[in-house]
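This report refers to the structure that appears directly beneath it.
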Ligand code: 6R9
């Protein structure tokens, strides 16, 4: 059993899950890996020198004087240094003779609708867009809201802002007019860039009406720049200008000015559990340093031969850091896909992997579990032998989903890197290195070189191996958020007040007997059963390890006997039938895997789970169901009909 940290009054997270599988790096990959185990020692010996080396991967017009200035909790990195992010992502590749190299293979959702942009194409497009923004009155420091589908103009618009030093705020295209308006207001954006619509599940899906509704109440917005993507009718407002009218006629030349390393690059809103969304602020030099370094290290990117595909939406931080800034800074060739994985058929992702010979794939556990549910026979139809590294991000990956991903997508040959990070951290913080780490399914393993993450008890003491508690970061890192836009106090309160001098991301974690890290979900979701803190992740992973289960979500519901009792919601795999004894089977399976303490009180078979638009399970709503309350705020829910489907299952919950 896990030893309890000495002197700890409250229970640390119970360490229940045992996992003995290991996957060593393939010998060939290890032999040619970009980063070897020496990086850990180097970074430990001199952390700042390590990050200086990483910053030297970029082109600086003026080198920095001081690497880090740390007035806790406010950090500045590479002080005095100057660079231009767009120059680093685009121009320098062209100047160094890589202009004809493909930056993006863009695949629209309608089949056959594709575009290829080389670095030279991207340079021309970004320059034209930059000149258009200038014509529309955008200057350095101004805020620009971007509300777009996954089309090439989205990264182009972001890079045009970065080039000028205007601060972009990308708002995910699925958000409502109210959400868009509050984000435009909070950042006081003067320009909105959007499109008539995008393709979603085989149909054009309008965006412009939402923008019209939001902008009607935002007098500070001077112009709305609209890309024509679907050709849907749009109401022409006085502030509207078409991208093809304004951008297309601009000069393809623009000389990038250097910006200070600490000039803001972008704001990205992240919805807290409650209350007003937080505008996470990222700056220039440190952010680009860490996104570029981690993209190179974690994916072992070989820019000359790899084809990299991150399936996230650019509207989330994963898209910002690992579709736009990291890969472009590294001169990678990427795939961007506009649509959903089941359009026009459930093999679309694998068809894309086969078509572009994708070598590096980065996706989310929610997608992997969906593919598991759809069945092994679908990926089996495609040739995916090009793949060499697989990544996961967004939620803890259940060991069973990890093993499925490795086997059915990665041909049992590709390492899987489970990457832990947040909008706030800007870049990957904890992850295996594909050429170094013998990975364990479900574990994010170790902090990357240069990152000092730890697990502490509720007094802030480091827990020994085998213990569980709270994830913290002890030292500042280059791509950390600098503050919450316009609200330093909220920044201090949210991230730096729980533990003295440490960054608290809000996640629970454990150290296994080898000292490797396992992420256990948001601490708000942890359950307290008969005095034991039990992680939702571990119980969910135990459920998913049953051959009939594709996905599971568990919550703690008030219980007169145990304080809280575990209530589980499960989705069965494609071929599995719901039988009378499934609940008993699953309860016994959990008891056998984790111990009787983790045995769910109830199991409900449901057709869907409530998820955020970025695919994270919303346990809060399931807690409402489990405790027979009316269901709380559903505005961030991806599909509003899901809760009805689940409520229909309720009688059996009694
Ligand atoms: C990149 C991103 C951040 C939260 C984070 C954590 C969860 C992300 C994870 C993971 C376990 C992983 N999370 N990656 N949990 N293992 N590999 O997702 O950013 O949308 O801000 O979410 O997502 O709970 O705190 P963001």
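The values are calculated or read from the model by the stated rules, or taken from the named source; none is laboratory data. All values derive from a computational prediction rather than experimental measurement. Every residue, glycine as well, gets a Cβ built from its backbone with ideal geometry; the counts of neighbours run over all protein chains shown.
Of all the listed residues (466, 508, 450, 486), the sole one being in contact (Cβ under 8 Å) with a residue 40 or more places away in the chain and part of a strand (DSSP E or B) is 508. Out of (1) closer than 23 Å to residue 268 by Cβ; (2) within 16 Å of the ligand (Cβ to nearest atom); (3) surrounded by fewer than 22 Cβ atoms within 10 Å (Cβ to Cβ), what's the single condition that is false for residue 503? (3) is the only condition that residue 503 fails. Output the qualifying pairs, or none if there are none: Cβ atoms under 7 angstrom, residues six or more apart or on different chains, first residue in the stretch 418-432 and under 16 Å from residue 324 (Cβ atoms), second residue near the ligand (Cβ under 6 Å from one of its atoms) and in a strand (DSSP E or B). From residues that are under 16 Å from residue 324 (Cβ atoms), the pairs are 423/270. Of the residues making up the stretch 61-100, those that are without any contact (Cβ under 8 Å) to a residue 60 or more places away in the chain, touching a strand residue (DSSP E or B) at 6+ places or on another chain (Cβ under 8 Å) and more than 14 Å from residue 123 (Cβ to Cβ) are 65, 66, 67, 69. Checking the stated criteria, residue 185 turns out to be under 20 Å from residue 280 (Cβ atoms), surrounded by fewer than 19 Cβ atoms within 10 Å (Cβ to Cβ) and modelled with pLDDT of 95 or more. When residues in the stretch 257-303 are screened for being outside any strand (DSSP E or B) and either away from the ligand (no atom under 13 Å from the Cβ) or closer than 12 Å to residue 329 by Cβ (or both), 27 of them pass.
Can you tell me which of 306, 300 is surrounded by 24 or more Cβ atoms within 10 Å (Cβ to Cβ) and farther than 17 Å from residue 479 by Cβ? Going through 306, 300 in turn, the sole match is 300. The residue that is surrounded by the fewest Cβ atoms within 10 Å (Cβ to Cβ), counting only those in the stretch 611-639 that are away from the ligand (no atom under 16 Å from the Cβ) and within 30 Å of residue 18 (Cβ to Cβ), is 623. Within the stretch 282-297, the set of residues being under 26 Å from residue 182 (Cα atoms) and surrounded by fewer than 24 Cβ atoms within 10 Å (Cβ to Cβ) is empty. Listed conditions (1) outside any loop (DSSP other than H, G, I, E, B); (2) in contact with a strand residue (DSSP E or B) (Cβ under 7 Å, 6 or more places away or on another chain) are all met by residue 492, apart from (2).
A quick yes/no check of all residues on (1) closer than 30 Å to residue 270 by Cα; (2) within 16 Å of the ligand (Cβ to nearest atom); (3) in contact with a strand residue (DSSP E or B) (Cβ under 8 Å, 6 or more places away or on another chain); (4) assigned to a helix (DSSP H, G or I):
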{"position": "305", "(1), (2), (3), (4)": "no, no, no, no"}
{"position": "308", "(1), (2), (3), (4)": "yes, no, yes, no"}
{"position": "314", "(1), (2), (3), (4)": "yes, yes, yes, no"}
{"position": "320", "(1), (2), (3), (4)": "yes, yes, yes, yes"}
{"position": "324", "(1), (2), (3), (4)": "yes, yes, no, yes"}
{"position": "353", "(1), (2), (3), (4)": "no, no, yes, yes"}
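Of all residues in the stretch 386-430, those being within 8 Å of the ligand (Cβ to nearest atom), assigned to a loop (DSSP other than H, G, I, E, B) and closer than 20 Å to residue 550 by Cα number 5. Residues that are assigned to a loop (DSSP other than H, G, I, E, B), within 19 Å of the chain's Cα centre (by Cα), over 27 Å from residue 357 (Cα atoms) and within 16 Å of the ligand (Cβ to nearest atom) do not occur anywhere in the stretch 432-440. Would it be correct to say that residue 213 is modelled with pLDDT of 95 or more, outside any loop (DSSP other than H, G, I, E, B), surrounded by fewer than 20 Cβ atoms within 10 Å (Cβ to Cβ) and in contact with a helix residue (DSSP H, G or I) (Cβ under 7 Å, 6 or more places away or on another chain)? Yes. Would you call residue 646 in contact (Cβ under 8 Å) with a residue 40 or more places away in the chain, surrounded by 19 or more Cβ atoms within 10 Å (Cβ to Cβ) and either farther than 23 Å from residue 533 by Cα or away from the ligand (no atom under 16 Å from the Cβ) (or both)? Considered against the rule, which asks whether it is in contact (Cβ under 8 Å) with a residue 40 or more places away in the chain, surrounded by 19 or more Cβ atoms within 10 Å (Cβ to Cβ) and either farther than 23 Å from residue 533 by Cα or away from the ligand (no atom under 16 Å from the Cβ) (or both), residue 646 comes out as yes. As a summary of the residue check, residue 230 satisfies the conditions (1) under 17 Å from residue 168 (Cβ atoms); (2) surrounded by 16 or more Cβ atoms within 10 Å (Cβ to Cβ) except for the one numbered (1).
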